[in-house]
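FYI, it's all coordinate maths here, none of it is from the lab. Here the structure is a predicted model, which is why all the values come from computation and not from measurement. Here the Cβ is made from the backbone with ideal geometry for all residues, glycine too, and neighbour counts use every protein chain on show.
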Amino acid sequence: MASVQVVNVPLPSLPSGWSADKDFKPIGALSAATQRNIEPVGPHFLAHARRKRHARTFSEDERIQAQQNVKKTEEEEDDDISEDEDPVMLTRDAKDWKAQDHYAVLGLTKYRWRATPEQIKRAHRKKVLRHHPDKKAAMGQRDENDNFFKCIQKATELLLDPVRRRQFDSVDEAADVEPPSKKDLQKGNFYKLWGPVFKAEGRFSIKQPVPQLGNEDSTQEEVETFYNFWYNFDSWRTFEYLDEDIPDDGEGRDQKRHTEKKNANARRKRKSEDIARLRELVDECLALDERIKKFRQQARAGKDAKRKAKEDEAKRLAEEKERAKVEEEQRKKEAEETAKAEREKNKKSKEAAKNAAKKNKRVLKGSVKDVNYFADGEASAAQVDSVLTDVDLVMAKIDTDELAALAERLTIAGKDSGAVKAAWAAESKRLVDAGKLKDGDVKTFA
Amino acid sequence: MGDAANGVAAEAERFAIGISFGNSSSSIARISPEGKAEVIANEEGDRQIPSILSYIDGEEYHGTQAKAQLIRNSSNTVAYFRDYLGKDFKSIDPTPCHQSAHPQQSDSTVAFTIRDTESETLNTVTVSEITTRHLRRLKQSATDYLGKEVNAAVITVPTNFTDAQREALIASAKAAGIEVLQLIAEPVAAVMAYDARPEATVTDKLVVVADLGGTRSDVAVIACRGGIYTILATAHDYELGGASLDQVIIDHFAKEFMKKHKTDPREDPRGLAKLKHEGEGTRKALSLSANAQLSVESLVDGIDYGSTVNRTRFELLSGKVFAQFTGLIEQVVKKAELDVLDIDEVIFSGGASHTPKIAQLTANIFPEKTTILAPSTSNSAINPSELSARGAAFQASLVQEFDREDIEQSIHPMVTVTPHLSKAIGVEFISNTESTFQPLLNAETALPARRIAQYTAPKEGGDVLVRVCEGAREIKVTKPEPKSKEEKAADEEDSDFDSDEEEEEDIREIVWKTEKPVAELAVKGVKAGGKVEIMIHVNPDLGLQIAVREVGGSTAVRGAINGSA
């Protein structure tokens, strides 16, 4: 930003007698500024806006920007490939390329299966710059050994071919992460120890992205997705890389076919072994996963709560039923008791009525007897008999109330024969009127 | 903006281009991965896409295809609609649309009644909707070319675009699926297109941008100070443009035709449209070659017509129109209270700038040191038609990664309104009796500002005085030979193109004069042949920090002057 103008005009020399404090002499101020709108475009404006918004001065801003730029270049250098080369590796024989670690040859061990084709190309270029046989010759190394250069070429050729790279990645043991032992797990964090294992295994997945193990706070859904994924794992892992070389010298078709068959079998076997291994791995992890237990407990706690609620409900219902029953019985008992009391009362009143009726009947019979059976003087037997017959007749025809009324009337009538007779006559007449007696049935009271 | 903390793009999928949305034609551009601006050709191969839409039986035609429809299907062809956007019917000038669909009032906005579907009924389509369709086509062209969905853009607008117009444009762009990152002024985009070139250096300069479009011309004076642009003055002519030059051609051929056939092709609407269409092509051809021909089949009454015109003839006929262009440029310089001597660069932008004579005439106005950036005067000139699109693309590449909020905050007046120096600040040199002034910070420099300069010390070394002053430029007029005084006075005003006659012109030059000393500093014991570096930092409140040290020396003399406001 701060470009330096160079002006080739000599500055005047200091006049004699000029002096100022610290060699600086302020004289005047600037003329007033004009307010204008600057156009919000261009990189220099953006720098201006940045300074203004963050209230930075020129030098501060320059420093911050410079720091940012430095960081960026460092990162770029970082991902450049600068790994130490193992001296043993440098002496490798290129013929044994199958056994070499192609990523190590290119210095990409940090990335391995994650390395992009771009990175591989760059790594290759860097390695070539260093290990090209011509370079060695120029450096005065006279041994015409270009073995490592061939290794580099082989590695690049293989890694830049996606199919062959997959084959190598499939058997790249250096990229595997061993599952933690039980001892490790007792000490360490389950998630930290198992996470990388699955991350490494996930590289074989056809389906991407691969769900992660997560941590103790993962939801049940996440955990379920994770394990479901791993139990239905779809792997592209192949084992062609480990095939035995098929002799192509035409030694015999049979030999070739035999080897091919053997290879195919070996691949199948390895594949199934791999599937079994993975399955075991997931089983092991699942068995140790605290979250599963937690979820199960939660589920159980939920179930228990439900069951308890159910039981409580049942209990409550039973109690209610019981109470209802008790109440019902109570009510029945009460009803019975009242009924009994009623009955007894009825009985008593009946008896009383009976007694009263008896008494009244006696009154009735006594009334005619008192008035001497309506006879003047000594009543004849016939007379007595007919009167009594009539009395019985009337008595049989009337109910207790009428009997009582009649008895009362007769008591009032006393020993007055006329009155008694009239009472009887009225009674018998009422009975005749009521149709209970036939006219003429009662003769003596007429 | 764009710190490590918040500079990461909010929408990672943003893919921005620059759009120059003109009244007569539009361009789309982007910055290629190599960092070069490139203007994108649409599917027909056009880099200047006419801002025209045409409809036949529900089929939409765009660009050059639509332009051809102006002859046969003028009532269903919408052209020159950019300037109607966001305006009410009362304030628009419908003249350019005489030969296309006519603008009409619709509520508070402008609309066109066209048949844009297969049915026979006419539809009223607002200018916003037309703009949306136009932008959608531009977006589609860019997407097809780049193979990646374009969803954001920086769009250029004239300097006098009102807030309502800006809002309407942003809304229309949004409807077309384009997020407008920023609207930038056309002349500034043109300056930036030049400054964004890798070989460009950041210098303080005053630039005149002459944007000569199809239907209108806009001229602006822009101060570039340390890469920051400030518009000092603008001038607009809404009737002057490529169309005015086309009219000259049309009239010329029409007269020629009338001599032979006694009928005026301009009377017939279709004849006029054909003549206009072909005449424009002829005019453009004349910018490249000395001769151009025009041929129209069945111009009027079934008569085929063909003729040629040479450039000299055209320039002779267009003299008046050219004078208008140069007049506009002179006017804006005056409006900015500047002299032609102050102008360091003239940038020609817009389609009509291809005309060689305009640039030549402009070059005559300005002193020789002024760079005239037009195709006919400078080999390094960028195609004037592409300037604003390139500038927009450059800006788009700068702000593409920014958050929406970041952009909004940065273009807020709080940030853009800044104090500018009213006087230049520099160093005074006193040798013997004569004193000269070297500006270090020019007038109109946006504050805060910082400049560093190195000056040579006296040959013998020793103690040096640095006198920081305010300076003013004056125009010194010296007469080569004493002649009549009145003539010279008149000459200052119009150094026009037609004053070609042999005439003793005044020698006019810029002289700096010290106005007000600000501070004095002393550097002691400078080595012989050494250099002295001066750094001046001006705060927004006009406070100054000055530091002077010998280059290579360790100690510096520092001083500060407190600001007034």
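A compact table of results
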item	result
Residue-by-residue Karplus 3J(HN,Hα) for the stretch A:163-180, coefficients 6.51, -1.76, 1.60, Hz, glycine and proline x	5, 5, 5, 4, 4, 6, 4, 4, 10, 7, 5, 5, 8, 6, 10, 5, x, x
Inter-site label distance for A:Leu129 and B:Asp88 at 7 Å from Cα along Cβ, in nm	6.8
Degrees separating the helix A:58-79 axis from the principal Cα axis of chain A, which is the longest one	90
Degrees, to the nearest 10: A:43-53 long Cα axis against longest axis of chain A	50
Reach of A:Lys436 by Cα under 15 Å, taken over aspartates and glutamates that are not fewer than 8 positions away in the same chain	A:Asp390, A:Asp392, A:Asp399, A:Glu402, A:Glu427
Shape category assigned to chain B from the gyration tensor of Cα positions, a/c cut at 1.5	oblate
Label point at B:Thr263 placed 7 Å out along Cα→Cβ; residues across the stretch B:273-298 whose backbone nitrogen lies under 16 Å	B:273-275, B:296-298
Qualifying trypsin sites (Lys or Arg not before Pro) in the stretch B:363-435, DSSP loop, other Cβ atoms within 10 Å at most 16	B:Lys369
Violating pairs (Cα-Cα greater than 30 angstrom) within the set A:Lys347/A:Lys421; A:Lys110/A:Lys135; B:Lys36/B:Lys139; A:Lys293/A:Lys321	A:Lys347/A:Lys421; A:Lys293/A:Lys321
Residue-averaged 222 nm ellipticity for chain A, from DSSP H runs of 4+ at -39500 (n - 2.57), nearest 500	-21000 deg cm²/dmol
Size of electric dipole in the protein assembly as shown: Cβ of Lys, Arg +1 and of Asp, Glu -1, about Cα centre, debye, nearest 20	5420
Cα gyration tensor, the stretch A:87-175 - rounded (a/c under 1.5), prolate or oblate	prolate
Nearest-20 debye value, the stretch A:186-230 charge dipole, Cβ charges on Lys, Arg, Asp, Glu	340
Simple label model, 7 Å out from Cα along Cβ direction - A:Ala55 to B:Val551, nm	3.8
Extension gain from B:Lys516 to B:Gln409, taking 0.36 nm per residue of separation minus the Cα-Cα distance	34.8 nm
Distance violations [Cα-Cα > 22 Å] among B:Lys423/B:Lys531; A:Lys350/A:Lys397; B:Lys369/B:Lys479	B:Lys423/B:Lys531
Folded to 0 to 90 degrees: helix A:220-231 orientation relative to chain A principal axis, Cα	60
In the stretch A:107-187, the GluC sites (Glu not before Pro) that fall in loop regions by DSSP, at most 14 other Cβ within 10 Å	A:Glu144
Between the stretch A:213-230 and the stretch A:102-127, the Cα center-to-center distance that results, in Å	33
Zone residues, the stretch A:351-379, relative to A:Thr400, backbone N less than 12 Å from point 7 Å out along Cα-to-Cβ	A:351-360
Computed E for B:Arg508/A:Val4 - FRET, C-beta separation, R0 35 angstrom, nearest 0.05	0.65
Cα-based shape type of the stretch A:182-288, given that a ≥ b ≥ c are square roots of the gyration tensor eigenvalues and the cut on a/c is 1.5	prolate
Positive-pole candidate from B:Ala223, B:Val208, B:Pro269, dipole of the stretch B:159-287, charges at beta carbon	B:Pro269
Highest-MSF residue in chain A out of A:Asp392, A:Asp23, A:Asp274 [GNM, Cα springs under 10 Å]	A:Asp23
Simple Cβ-charge dipole of chain B, Lys/Arg +1 and Asp/Glu -1, about Cα centre, in debye nearest 20	720
Ordering of B:507-519, B:99-111 by burial proxy (mean other Cβ atoms within 10 Å per residue, highest first)	B:99-111, B:507-519
Qualifying lysines (Cα of each under 24 Å from Cα of A:Lys262; at least 8 residues distant if same chain)	A:Lys95, A:Lys98, A:Lys271
Per residue, the convex hull volume that the Cα atoms of the stretch B:242-317 enclose (Å³)	75
Reciprocal of mean inverse Cα separation for the protein assembly as shown (Kirkwood radius, Å)	40.3
Unit charges at the beta carbon, dipole of chain A: most positive-side option, A:Leu160, A:Ala115, A:Gly418	A:Gly418
Unsatisfied cross-links (Cα-Cα over 27 Å) in the set A:Lys361/A:Lys438; B:Lys276/B:Lys320; B:Lys259/B:Lys320; A:Lys303/A:Lys325	A:Lys303/A:Lys325
Separation of the A:Ala174 and A:Asn232 label points, Cα + 7 Å toward Cβ, nm	3.6
